[in-house]
Amino acid sequence: MFLAVNILGVLAFLAVGWLFSRNRTRIPWRSVGILTALNVVIAWLLTGFPWGRAAVEGAAAGFNELVSVAWRGINFAFGDWVGPEGIDPTPANFVVSALLPILLIVPLFDILTYIGFLPWLITWIGRGLSVITRQPKFEAFYAIEMMFLGNTEAVAVSKNQLQRMRPERDVVIAMMSMSCVTASILASYMQMVPGEFVLTAVPLNCLNALIVASMLYPLEIAPEEDVIVTYADVQEIPGDQDVLAPAGETAGSGATAAAGSVDAAGSSASTGAVGTAGSDAQKPAGAHSGGLSALIGRLTRKNPDAPAKEPFFSFLGDSIIGGGKMILIITANVITFVALAALIDKVLGALWGPLSLESILGVVMFIPAMLLGLDPSNAWDMSQIMGLKLVTNEFVAMGQVVGRVTDLPRHYQAVLTVFLTSFANFGTLGMIIGSFKGIVDKERNDLISKNVGRMLLSGILVSLMSAGIVGIFVW
């Protein structure tokens with residue numbers, strides 16, 4: 001019976017996306033169907049087959065090995081906080097066990113970016129995903145990008161694209177940004193909840209972000225809009241970086257040029273259809289001659305207009321400082337949100353003894369938790385954790401279950417861990433809106449701000465969809 005409820009729950013979450021859609025008649029049902037089927041297949045492969053589970057467990061072991069290496073550095077600086085092998089003594093507190101390993105993992109991912117491997121991987125997986133799922137190229141690219149880089153980082157590195165797309169497409173990107181996790185922080189999660197389900201959640205969140213965003217805010221994108229701006233297509237002109245070439249002008253006219261095509265009516269820059277740069281200025285995007293060899297040449301050639309690469313050790317130093325800032329930000333957020341939640345509980349308790357923040361949120365999230373195939377007792381427990389995560393963040397919520405999660409039924413472990421493995425919460429709303437404010441114009445920011453309700457709903461639905469799909473195969 002619980003399996004039937006779980007399957008019904010996935011359909012119900014899709015129905016909620018349809019119910020709150022901006023334009024139900026434009027929902028790309030074919031793409032939604034392909035993505036949903038792909039999600040089910042991935043969840044089935046990663047949880048239902050010995051080799052699939054072995055692959056996930058192997059990846060989890062790899063992340064744990066990174067953490068074990070990080071213990072050596074932490075032990076060197078803080079010998080009394082943790083042993084060089086993570087034992088004798090065991091990590092002294094949450095900061096040591098979950099956060100300090102970030103100081104190794106963030107620079108490692110940044111090094112992969114510096115040498116070009118991570119951007120190459122993101123680009124080609126994104127293009128493949130676009131072909132398979134019939135999603136727009138950049139949206140598919142961004143789904144992969146944010147999976148590796150995180151939401152604010154992915155927004156920052158996509159500046160040129162976000163400035164040149166239609167404002168409505170920026171809203172879609174903002175919605176998708178509610179659903180990601182950062183690969184460099186997965187090891188921290190895996191110190192608190194089962195790593196196999198953390199890693200299973202990552203690709204599912206990526207695909208479900210595309211599903212939910214295309215349902216809540218469906219758009220029709222013309223072929224000439226469906227391009228990805230790259231450094232090979234953009235010429236940065238000092239003092240005029242954010243000025244787009246008028247329709248029909250090339251980069252040589254003194255304006256910044258982006259990848260795209262100009263339609264016969266001479267559309268404006270806000271549609272994303274602007275002139276292309278360099279020797280290909282008179283060709284539509286994608287019309288470069290030479291087939292595959294020309295494409296490889298464009299991807300591998302050094303762009304003389306791109307800024308000089310920063311020296312490696314300067315880059316590494318900045319990355320380490322960035323990791324340290326991330327730890328301080330997460331620690332400050334956890335302390336503040338836990339304290340605020342305790343304060344709210346105290347105020348509510350003064351009004352009526354049994355009343356608390358968790359109990360209120362538990363009522364709101366109880367039905368979605370039931371639809372994940374849980375019995376009423378576990379559904380009530382999970383609904384409170386879900387609500388706590390939405391009001392605070394995933395670290396606070398994981399901290400509530402870190403000592404008991406392995407004793408829970410396996411199905412409950414799976415749906416709980418997958419739901420918690422995302423950045424979807426109220427604080428993330430502010431981070432995303434703030435990130436866009438520093439990159440795009442007021443018109444786009446205002447449109448994004450008008451859709452904060454859909455942004456939050458998007459994050460919740462993605463987490464529920466991922467948890468529900470994994471739950472179908474784990475009992």
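The values are calculated or read from the model by the stated rules, or taken from the named source; none is laboratory data. On a predicted model such as this, the values are computed, not experimentally measured, just so you know. Glycine also receives a Cβ, built like all others from the backbone with ideal geometry; neighbour counts cover every protein chain displayed.
Within the stretch 1-57, the residues that satisfy the criterion of being outside any helix (DSSP H, G or I) and either hydroxyl-bearing (Ser, Thr, Tyr) or under 23 Å from the mean Cα position of the chain (by Cα) (or both) are PHE20, SER21, ARG22, ILE27, PRO28.
Sub-7 Å Cβ pairs linking a first residue in the stretch 122-144 that is in the same structural domain as ARG169 (by TED's automatic domain parsing) to a second residue that is small (Gly, Ala, Ser) and part of a loop (DSSP other than H, G, I, E, B), at least 6 apart or interchain, are TYR142/SER158, ordered by first then second residue. A residue that is part of a helix (DSSP H, G or I), free of Cβ contacts under 8 Å to residues at least 60 places away in the same chain and either more than 12 Å from the chain's Cα centre (by Cα) or outside the structural domain of GLY438 (by TED's automatic domain parsing) (or both) can be found somewhere in the stretch 163-177.
Looking at the stretch 355-393, which of its residues are farther than 22 Å from MET1 by Cβ and either free of Cβ contacts under 8 Å to residues at least 24 places away in the same chain or not aliphatic (A, V, I, L, M) (or both)? Hits for the stretch 355-393 are LEU355, SER356, GLU358, SER359, GLY362, VAL363, VAL364, GLN384, GLY387, LYS389, THR392, ASN393.
In the stretch 71-78, the condition of being under 30 Å from the mean Cα position of the chain (by Cα), more than 25 Å from THR417 (Cα to Cα) and among the β-branched types (Val, Ile, Thr) is met by at least one residue. For the stretch 37-48, taking the residues that are touching a helix residue (DSSP H, G or I) at 6+ places or on another chain (Cβ under 9 Å) and surrounded by fewer than 19 Cβ atoms within 10 Å (Cβ to Cβ), the one that is farthest from ALA414 (Cα to Cα) is identified as LEU38. Of note, ILE185 satisfies the criterion of being within 23 Å of GLY430 (Cα to Cα), at pLDDT below 90 and among the β-branched types (Val, Ile, Thr).
Every condition in (1) surrounded by fewer than 24 Cβ atoms within 10 Å (Cβ to Cβ); (2) over 19 Å from PHE20 (Cα atoms); (3) touching a residue at least 12 places away in the same chain (Cβ under 8 Å) holds for ASN451 except the one numbered (2). Somewhere in the stretch 349-359, is a residue under 25 Å from SER422 (Cβ atoms) and loosely packed, with under 14 Cβ neighbours inside 10 Å? There is no residue in the stretch 349-359 that is under 25 Å from SER422 (Cβ atoms) and loosely packed, with under 14 Cβ neighbours inside 10 Å.
The residues on offer are TRP18, TRP51, and the sole one that is at pLDDT 85 or above, out of contact with any Leu (no Cβ under 8 Å at 6 or more places or on another chain) and surrounded by 13 or more Cβ atoms within 10 Å (Cβ to Cβ) is TRP18.
Criterion first (modelled with pLDDT of 80 or more, in a helix (DSSP H, G or I) and farther than 23 Å from ILE335 by Cβ) does GLY126 satisfy it? No.
The set of residues from the stretch 193-224 being in a loop (DSSP other than H, G, I, E, B) and either among the β-branched types (Val, Ile, Thr) or over 14 Å from PHE419 (Cβ atoms) (or both) comprises VAL193, TYR217, PRO218, LEU219, GLU220, ILE221, ALA222, PRO223, GLU224.
Tally time: how many residues in the stretch 68-103 are out of contact with any Pro (no Cβ under 7 Å at 6 or more places or on another chain), without any contact (Cβ under 8 Å) to a residue 40 or more places away in the chain and assigned to a helix (DSSP H, G or I)? The qualifying residues number 7. The residues in the stretch 201-229 that are of a type in the set (Val, Ile, Thr) and at pLDDT 90 or above can be counted, and the count is 2.
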